[in-house]
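Novice: Here it is, the structure in full.
Please treat every number below as a calculation from the coordinates, not as lab data. Just so it is clear, the model here is predicted, and its values are computed rather than measured. Because the Cβ atoms are built from the backbone with ideal geometry, glycine has one as well, and the counts that use them run over all protein chains shown.
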Amino acid sequence: MPYPVYRPRRLRESPLLRKMVRETTLRTDDLILPLFVIHGRGSREPISSMPGQARLTIDELLKECKDAASMGIPAVLLFGLPQEKDPRGSEAYAEDGIIQQAVRAVKETIPDLLVITDVCLCEYTSHGHCGIVEDGRVKNDPTLDLIARTALSHAEAGADMVAPSDMMDGHVGAIREALDEAGYQETPIMAYSAKYASAFYGPFREAADSAPQFGDRRGYQMDPANAMEAMREVALDVDEGADIVMVKPALPYLDIISRVKSDFGLPVAAYSVSGEYAMIRAAGQLGWLDEERAIMEVLIGIRRAGADLIITYFAKDAARLIEQGRQ
Ligand code: PBG
């Protein structure tokens with residue numbers, strides 16, 4: 001139907017018509033809010049590279065979680081900072097570790113909020129890598145046991161879902177087996193399946209104090225140039241028992257989100273990471289773009305690409321804007 005028979009503008013003129021023909025929606029139900037937990041009491045330590053975000057002691061975390069739940073946000077994703085780091089990341093799987101304590105507190109106080117835990121060692125290891133280091137290298141198989149122990153300790157504390165972000169081969173299978181053996185067959189796994197070695201994790205590493213002390217993560221995280229490899233990674237995680245697969249970061253990898261969504265029949269999560277947040281916040285603060293519109297445009301773009309769920313530090317802003325009808 002060529003012009004002038006077909007005029008796309010006919011459906012664009014009125015706000016009501018635009019609303020009716022909208023192809024993609026963003027719902028508060030699609031959002032997951034990541035939060036950082038620290039030991040201590042009564043403290044919110046602002047994260048300078050992520051304005052508006054803070055490291056929270058458990059009492060402050062509870063306030064934040066209540067706030068999120070009251071806005072209709074269904075889930076939080078928790079990251080912990082330990083009291084002490086060591087080469088084997090012991091606090092990651094300690095019964096009274098920061099995450100284990102935080103999960104128990106949140107589930108007790110706000111039982112209706114879903115608590116997802118990030119499962120990784122990098123915040124807990126003195127060398128800052130996501131696995132066991134031997135002879136200067138991150139060893140895959142010896143790490144699996146510790147990752148599985150970490151996930152199990154989170155489930156025992158009451159976590160509703162675990163999210164392994166370490167990118168070790170075989171990690172989803174190792175976690176599934178450990179959970180099943182201990183009677184947690186019903187605890188889902190959201191796998192960071194296609195996790196790229198990204199510069200956009202910079203602010204997070206300041207927030208979580210998890211920068212590698214030597215080398216980088218390219219030996220286990222993916223090369224930004226690769227798409228077919230992402231499909232292989234996702235297929236592996238699905239075979240090993242992943243319930244939700246994740247692509248991370250989101251914005252530079254919309255094509256991967258789209259392919260994962262069309263090739264696999266599983267819910268897809270996209271993690272709009274710390275650097276994506278910092279970029280928009282910074283430009284917004286400088287007055288270089290309209291921050292609220294930019295937030296909504298980015299999130300709808302990630303949904304349009306195929307993400308069912310979005311992990312975003314803007315979850316509260318977005319929930320507020322959705323409530324105000326500002327889609
Ligand atoms: C831990 C982990 C990272 C992020 C989530 N889990 C950092 C990394 O891999 O270095 C990044 C999240 C963000 O940037 O918001 N492995």
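Novice: Looking only at Ala163, Ala151, Ala199, which one moves most when the chain is put into a Gaussian network model with springs between Cα atoms under 10 Å?
Specialist: Top of the fluctuation ranking is Ala199.
Novice: Follow-up question, since we're still on this one. Which of His129, His154, His39 has the fewest other C-beta atoms within 10 Å, and how do the rest follow up to the most?
Specialist: By the 10 Å Cβ count, ascending, the order reads His39, His129, His154.
Novice: Report the label-to-label distance for Met279 and Glu84 in nanometres (one decimal), using points 7 Å from each Cα along the Cα→Cβ vector.
Specialist: 4.1 nm
Novice: Whole-Hz Karplus ³J(HN,Hα) for segment 123-140, in order, using 6.51 cos²θ - 1.76 cosθ + 1.60 and θ = phi - 60°, x for Gly and Pro?
Specialist: 6, 10, 8, 5, 8, x, 8, 7, x, 6, 9, 10, 6, x, 10, 7, 8, 5
Novice: Now for a different question. Can you list residues from other chains, or at least 5 along the same chain, whose modelled amide H is less than 5 Å from the amide H of Ser193?
Specialist: Met246
Novice: Using the Cα gyration tensor of segment 21-323, with a ≥ b ≥ c the square roots of its eigenvalues, what is the shape: rounded (a/c below 1.5), prolate (a/b larger than b/c) or oblate (neither)?
Specialist: Since a/c stays below 1.5, the shape of segment 21-323 is classed as rounded.
Novice: Whole-Hz Karplus ³J(HN,Hα) for segment 302-313, in order, using 6.51 cos²θ - 1.76 cosθ + 1.60 and θ = phi - 60°, x for Gly and Pro?
Specialist: Karplus-based 3J(HN,Hα) across segment 302-313 equals 5, 5, 4, 5, x, 6, 7, 10, 10, 8, 8, 5 Hz.
Novice: OK, next. If I fit a long axis through the Cα atoms of helix 274-285 and take the longest principal axis of the Cα atoms of the chain, what angle between them do I get, 0 to 90°, rounded to 10?
Specialist: So the inclination is approximately 50 degrees.
Novice: Along the charge dipole of the chain, pointing to its positive end and built from +1/-1 on Cβ of Lys, Arg, Asp and Glu, which listed residue (Pro249, Ser43, Leu77) has its Cα farthest out?
Specialist: With unit charges placed on the Cβ atoms, the residue in question is Pro249.
Novice: Right, next: Students often check this: by mean Cβ neighbours within 10 Å, which of 222-233, 180-191 ranks highest, and how do the rest follow?
Specialist: 180-191, 222-233
Novice: Applying the Karplus parametrisation 6.51 cos²θ - 1.76 cosθ + 1.60 with θ = phi - 60° to the phi angles of segment 153-161, what ³J(HN,Hα) value in whole Hz is obtained for each residue in order, glycine and proline being reported as x?
Specialist: Each residue's phi maps through the Karplus curve to give 5, 5, 5, 4, 6, x, 4, 7, 7 Hz.
Novice: Let me ask something additional. For segment 219-327, what is the relative contact order in percent, using Cα pairs closer than 8 Å and at least 6 residues apart in sequence?
Specialist: With pairs under 8 Å counted, the relative contact order is 25 percent.
Novice: At a threshold of 8 angstrom on Cα-Cα distance, excluding pairs fewer than six apart, so keeping six or more, what relative contact order does the chain reach in percent?
Specialist: Relative CO of the chain lands at 18 percent.
Novice: Choose one of Gln53, Leu11, Leu26: the residue whose Cα lies farthest towards the positive end of the charge dipole of the chain (beta-carbon charges +1 Lys, Arg; -1 Asp, Glu; about the Cα centre).
Specialist: With unit charges placed on the Cβ atoms, the residue in question is Leu11.
Novice: What ranking of Lys139, Lys195, Lys85 emerges when the number of other C-beta atoms within 10 Å of each C-beta is taken as an exposure proxy, fewest first?
Specialist: Lys139, Lys85, Lys195
Novice: At what distance in angstrom do the alpha carbon centres of segment 182-211 and segment 68-110 lie from each other?
Specialist: Their Cα centres are 13 Å away from one another.
Novice: Pick out, in residue order, every one of the chymotrypsin sites (Phe, Trp or Tyr not before Pro) in segment 208-294 that is DSSP loop and has at most 13 other C-beta atoms within 10 Å; say none if there are none.
Specialist: Qualifying residues, ordered by number: Phe214, Trp288.
Novice: Given an 8 Å cut-off on Cα distances and at least 6 residues of separation, report the relative contact order of segment 140-226 as a percent.
Specialist: Averaging sequence separation for qualifying contacts and normalising by length gives 29 percent for segment 140-226.
Novice: Fewest first, what order do Ser274, Ser126 take by the number of other Cβ atoms within 10 Å?
Specialist: Ordered from fewest to most neighbouring Cβ atoms within 10 Å, Ser274, Ser126 come out as Ser126, Ser274.
Novice: So what's the angle, to the nearest 10 degrees on a 0 to 90 scale, between helix 98-109 and the longest Cα principal axis of the chain?
Specialist: 60 degrees
Novice: Can I ask one more? Report the charge-dipole magnitude of segment 21-323 in Debye, nearest 20, computed about the Cα centre from +1 at each Lys and Arg Cβ and -1 at each Asp and Glu Cβ.
Specialist: Taking the Cα centre of segment 21-323 as origin, the dipole is about 780 debye.
Novice: What is the helix-to-structure angle for 171-181, meaning the angle in degrees between its Cα long axis and the longest Cα principal axis of the chain, kept from 0 to 90 and rounded to the nearest 10?
Specialist: 70 degrees
Novice: Write out the trypsin sites (Lys or Arg not before Pro) in segment 20-77 meeting two conditions: DSSP loop, and at most 15 other Cβ atoms within 10 Å of their Cβ.
Specialist: Arg22, Arg27, Arg41
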